[in-house]
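K.L.:
Got a structure here, written out as structure tokens. Questions coming.
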């Protein structure tokens, strides 16, 4: 029996998981059809919507409102069974939440004889290597340690090769056993790589269950929806997000004077790109729990005052 390959693509909030999957989908062999399972920590499906519009040969299964490694674990199992009962798929790509681990995801995959788990890929924003705060976040560390292949992202934001080399050295200091993908951008060949050259390690990592839990309970999520008639000031929106150090991630779609924009905010970068019009502005914020902030009111402060009258 030919087993269906499963590729788990993990990484912390804003590492670029959805972007990487989009790149892989563009490079898939003609005639292939992949199932993509995307897990959103917030209730608003931003990544799922982006992936669904990317390819006619891809079926996207969305699991929103909780992490598939814990609260949405049963939904993941049901989704995998649904895929297995749907003929024609060449493989499965699973994108866990940026706050999720991979052990329970691997548990489901390895429990089904029709599937074979391929090396787990972890995307790491290279700029986070220079942020001491990241080393104190257990989820960030465990995602890296528990993965087979590390792919650096956001390398195009590094000013020069010397700075990039220094950031890689910092990462190596903290994670000496990590197997680092040698290319600066992800390509389809990564799906067939077996990392066998890690110091002291060989082959694909295996897990003993029961797993060691990675909890997302110390994080807060807020899904904010605004009427499409409200106009945001993009510069002010970027400013109010940057003023709150507890905000780890913000993403969504919003309307400004020039049209609609897609927001992609992380600890290291803020990107706002043109996108197709929507029926409403939708922004998801994920932050550390260190006191209550009314994030809906915070975002409203970036709306032109005349629109609020």
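All of the numbers you see were taken from the coordinates with simple rules; none came from a lab. Just so it is clear, the structure is predicted and the values come from calculations on it, not from any experiment. Here the Cβ positions follow ideal geometry from the backbone for every residue, glycine too, while neighbour counts run over all protein chains shown.
K.L.:
Could you tell me the relative contact order of the stretch 4-192? Use alpha-carbon pairs under 8 Å, at least six residues apart, and round to a whole percent.
P.N.:
Relative contact order, the stretch 4-192: 28 percent.
K.L.:
Give me the three principal axis extents of the stretch 4-192 from the C-alpha atoms, as integers in angstrom, largest value leading.
P.N.:
That gives 49, 36, 32 Å along the principal axes, largest extent first.
K.L.:
For the stretch 229-288 and the stretch 114-143, compute the distance between their C-alpha centroids and round to whole Å.
P.N.:
24
K.L.:
Taking Rh as the Kirkwood radius computed over C-alpha pairs, what is the Stokes-Einstein D of the stretch 118-159 at 37 °C in a medium of viscosity 0.692 mPa s, expressed in µm² per second? Working shown, then result.
P.N.:
Numbers: Rh = 11.0 Å.
Stokes-Einstein gives a translational diffusion coefficient of 299 µm²/s.
K.L.:
What is the fewest-to-most order of 157, 248 by other Cβ atoms lying within 10 Å of their Cβ?
P.N.:
The fewest-first ordering by Cβ neighbours comes to 157, 248.
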